[in-house]
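Student: The structure that follows is given in the form of structure tokens.
What follows draws every value from the coordinates through simple rules; no lab data is involved. Being a predicted model, the structure only gives us computed values, none of them experimental. With ideal geometry, Cβ positions are generated from the backbone for all residues, glycine too; neighbour counts draw on all protein chains shown.
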Amino acid sequence: MSVHKTIQAVTDRIAARSELTRRAYLDRIDHQKSQGVHRGTLSCGNLAHGFAACAPADKAQLAGNKALNLGIVTSYNDMLSAHQPYATYPDLIKAAVREIGSTAQVAGGVPAMCDGVTQGQPGMDLSLFSRDVIAMATAIALSHNMFDAAVYLGICDKIVPGLLIGALTFGHLPGVFIPAGPMPSGLPNDEKARVRQLFMEGKVGRPELLEAESKSYHSPGTCTFYGTANSNQMLMEIMGLHLPGASFVNPGTPLRDALTREAAKRVLALSAEGNDYTPVGHIIDEKAIVNGLVGLHATGGSTNHTLHLIAIANAAGLQVTWDDMSDLSDAVPLLARVYPNGIADVNHFHAAGGMGFLIRELLSGGFLHNDVKTVYGKGLESYAVEAKYIDEKLSFEPAPAESGLPKVLAPVSAPFAKSGGLKLLKGNLGKSVIKISAVKPEHRLVEAPARVFHSQAGLQEAFKAGELTGDVIAVVRFSGPKAIGMPELHKLTPALGILQDRGLKVALITDGRMSGASGKVPAAIHMTPEAMDGGPISKIRDGDIIRLDAEAGTIDFVGNEREFLSRTPATEDLRPEHEGMGRELFAGFRSLVGPADRGASVFG
């Protein structure tokens, strides 16, 4: 099947741009593979430490250096709903691999924080940096060199990107990502958003707000809106690192457990000891990255992945840019309407046909590369299926011919929009990204006076004080990676939404983040260069006229550009924002971190 010309052109230029760095990466992991798993060459003391806690049968297997040993890297904790189901996975995985004469060990744990808990709180300043901490923790877990393959247990915002970056540093090992699935549907997301807005307007109190939130986030499993966590799951499947159909199966079901057992067995079949050696570093190539970006655009996925996919690609020796993402967005049709891009949640998406239907439709339109390696087999077409559990057996059946919910999941012949949900904005204010799939066309062009804030709290206070009464482009700066770690500013959504509902022209410009839940108000986020680097955003003053045109992809100061650029950048004493809640420990990260358009990574 032929590939759309834009998809191929972007893929080719990524490959050309990355020729030297990709070759260096592949040489490195090939060298690691040639060194082998060192259980056979470990000293007796080393090996004894490595299996001291194992059951006698497993210890005998490892001592004989005959059994394959699977490493489990887990983000389990029982505070966060998405990760709580992982409590039982290690025992399930160990039992599954024993059936095929192998062993498994929990290699290590990684931190897993929740942006939903830390929204608007000091801990949010650690959120983005946690991705790179997780990558390092993954490397530490695997550094004992006891493993022939690994499985990665992770779901949410920074956890999956961090695990994958870490996995790619051990790219000679096969790896499968194992999800836990979304919680069953609770209070509809649009109703939750309505109550939040009523609370901001003072029309309901905290008890009513807490009741609505608790009915929305109500049980083990991932939150059901289509934010970064569920975008992660889509990416792992469309990039070939999940088993087919695994992304959105609810926790605690026989199908979920069957997929987990099969994933554990499958990854060992891909080890260097077999005939189908397929390491992570060979799966994640330029075609897989482009497939991930296509999936992101086709589903209106999280803006956070304009950072994460660049960092992931870089870990595999691939150089990806915002221009690549923007060109793909212009070519890829929008096929999904999941909150905040619609009223449905991911359970509805899955019931409508889910990932199997989406992949088949995108393949049929030439928007995906089929000739890729995956953990399930050669060719992405093997993922155009649904996972089923019938008569106590796991099976994969063809995806439905038609969408079960056409208002949620559309065929490629009748998309919701001809282009994807993410856009690159450029102009004399720098570069930023915007998610427009949830923004109505009439709100995508805003020209209005600026109102400048140096924190999201400042904007909220101005709103509560009744100071925002006219058209406004709110500028929230000194929220970038170097400034305070680039927190999400999602707490601003209700206030800005209220102003828009009052008939005002409203937009947001920030060097911070707005997450996968970016909603109906146009938000130019990840502004680069950031204010801490003296970028143009640091020169905006109250009353300056700013023009944001999401359709044209432009963002500009309107007026005397020479005078604007000659201004002295604003400064801010951020020392109070660098203390408390562990933020002191991340001074090194703030000094090392790169710009947003290069993934906001501390790894260069």
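Student: Starting from the Cα of GLU447, step 7 Å along the direction of its Cβ; do the same at LYS393; then give the gap between the two resulting points in nm.
Tutor: Distance between the two pseudo-spin positions: 6.7 nm.
Student: Relative contact order of the chain, please, whole-number percent, based on alpha carbon pairs below 8 angstrom and at least 6 residues apart.
Tutor: Reported relative contact order: 14 percent.
Student: Modelled label-to-label distance, LEU504 and ALA57, 7 Å Cα→beta-carbon offset: nm?
Tutor: 6.8 nm
Student: Using the Cβ atoms and a cut-off under 12 Å, what net charge is assigned to the surroundings of ILE546, where Lys and Arg are +1 and Asp and Glu are -1? Write down the numbers at each step before the final one.
Tutor: Details: positive: ARG451, LYS505, LYS539, ARG541, ARG547; negative: GLU447, ASP471, ASP542, ASP544, ASP549, ASP556.
Taking every Cβ under 12 Å from that of ILE546, the sum is -1.
Student: While we're looking at this one, here's another question. Assuming a ≥ b ≥ c are the square roots of the Cα gyration tensor eigenvalues, decide whether the range 313-455 counts as rounded (a/c under 1.5), prolate (otherwise, with a/b larger than b/c) or oblate.
Tutor: Numbers: a/c = 2.36, a/b = 1.65, b/c = 1.43.
In terms of gyration-tensor shape, prolate.
Student: Turning to a different aspect of this structure: Give the relative contact order (percent, whole number) for the range 181-307; include only Cα pairs under 8 Å separated by 6+ residues.
Tutor: On the way: 122 pairs, mean separation 35.7, N = 127.
Relative contact order here is 28 percent.
Student: Something else about it: Return the percentage of antiparallel bridges among DSSP beta bridges fully within the chain, rounded to the nearest 5 %. The partial results should precede the final answer.
Tutor: On the way: 27 of 57 bridges.
In the chain, approximately 45 percent of DSSP beta bridges are antiparallel ones.
Student: Rounded to whole Å and sorted largest first, what semi-axes of the equivalent ellipsoid does the C-alpha gyration tensor of the range 105-198 yield via the square root of 5 times each eigenvalue?
Tutor: Numbers: eigenvalues 202, 53, 16 Å².
In descending order, the three semi-axes are 32, 16, 9 Å.
Student: Which pairs break 24 Å Cα to Cα here: LYS435/LYS505; LYS203/LYS440; LYS407/LYS520; LYS423/LYS491?
Tutor: Working: LYS435/LYS505 17 Å; LYS203/LYS440 26 Å; LYS407/LYS520 18 Å; LYS423/LYS491 22 Å.
As for pairs spanning more than 24 Å Cα to Cα, those are LYS203/LYS440.
Student: Can you order the peptides 25-34, 293-302, 408-417, 215-224 by their average number of other Cβ atoms within 10 Å per residue, highest first? Present the calculation step by step, with values, prior to reporting the outcome.
Tutor: Working: 25-34: 15.1, 293-302: 28.4, 408-417: 18.4, 215-224: 20.8.
Highest to lowest by the protection proxy: 293-302, 215-224, 408-417, 25-34.
Student: Let me ask another. Roughly speaking, what is the stretch gain from LYS215 to ALA48, that is 0.36 nm per residue apart minus the C-alpha to C-alpha distance, in nm to one decimal?
Tutor: Details: separation 167, 0.36 × 167 = 60.12 nm, distance 4.96 nm.
Value of the extension gain: 55.2 nm.
Student: Along the Cα-to-Cβ line of LYS5, 7 Å from the Cα, sits a label point; which residues in the range 406-443 have backbone N less than 13 Å from it?
Tutor: none
Student: Could you work out the relative contact order of the range 477-519? I mean the mean sequence separation of Cα pairs under 8 Å and 6+ apart, divided by the number of residues, in percent. Working shown, then result.
Tutor: Working: 41 pairs, mean separation 22.9, N = 43.
So the answer I get is 53 percent.
Student: Work out how much length LEU565 to LYS418 would gain on full extension: take 0.36 nm times their residue separation and subtract the Cα-Cα distance, in nm to one decimal. Working shown, then result.
Tutor: Details: separation 147, 0.36 × 147 = 52.92 nm, distance 3.66 nm.
Net length gain for the segment: 49.3 nm.
Student: If you don't mind, there's one more thing I want to ask. Within 10 Å of each candidate Cβ there may be at most 14 other Cβ atoms; applying that plus a DSSP loop requirement, which GluC sites (Glu not before Pro) in the range 441-481 survive? Could you put the intermediate results ahead of the total?
Tutor: Details: sites: GLU442, GLU447, GLU461, GLU467; in loops: GLU467.
When the GluC sites (Glu not before Pro) of the range 441-481 are filtered for loop state and at most 14 Cβ neighbours within 10 Å, GLU467 remain.
Student: With just the Cα atoms defining each centre, how far is the range 222-301 from the range 12-84? Give it in Å.
Tutor: 19 Å
Student: Can you give the log10 of the normalised intensity I(q)/I(0) at q = 0.16, 0.21 Å⁻¹, computed with Debye over equal Cα scatterers of the range 232-332?
Tutor: -0.78, -1.09
Student: Right, another one. For the range 422-598, give the share of DSSP beta bridges that are antiparallel, in percent and rounded to the nearest 5; count only bridges with both residues there. All intermediate terms of the calculation are to be shown ahead of the outcome.
Tutor: Working: 18 of 31 bridges.
That works out to approximately 60 percent antiparallel.
Student: Could you check the spin-label model distance between ARG575 and ALA351? Points 7 Å from the Cα along Cα→Cβ, value in nm.
Tutor: So the two model labels end up 5.7 nm from each other.
Student: So how compact is the range 422-598: Cα radius of gyration and Dmax in angstrom?
Tutor: 15.3, 45
Student: If the viscosity is 1.567 mPa s and the temperature 4 °C, what Stokes-Einstein diffusion coefficient in µm²/s follows for the chain when Rh is the Kirkwood radius over Cα pairs? Each step should come with its number before you reach the end.
Tutor: Working: Rh = 24.5 Å.
The diffusion coefficient I find is 53 µm²/s.
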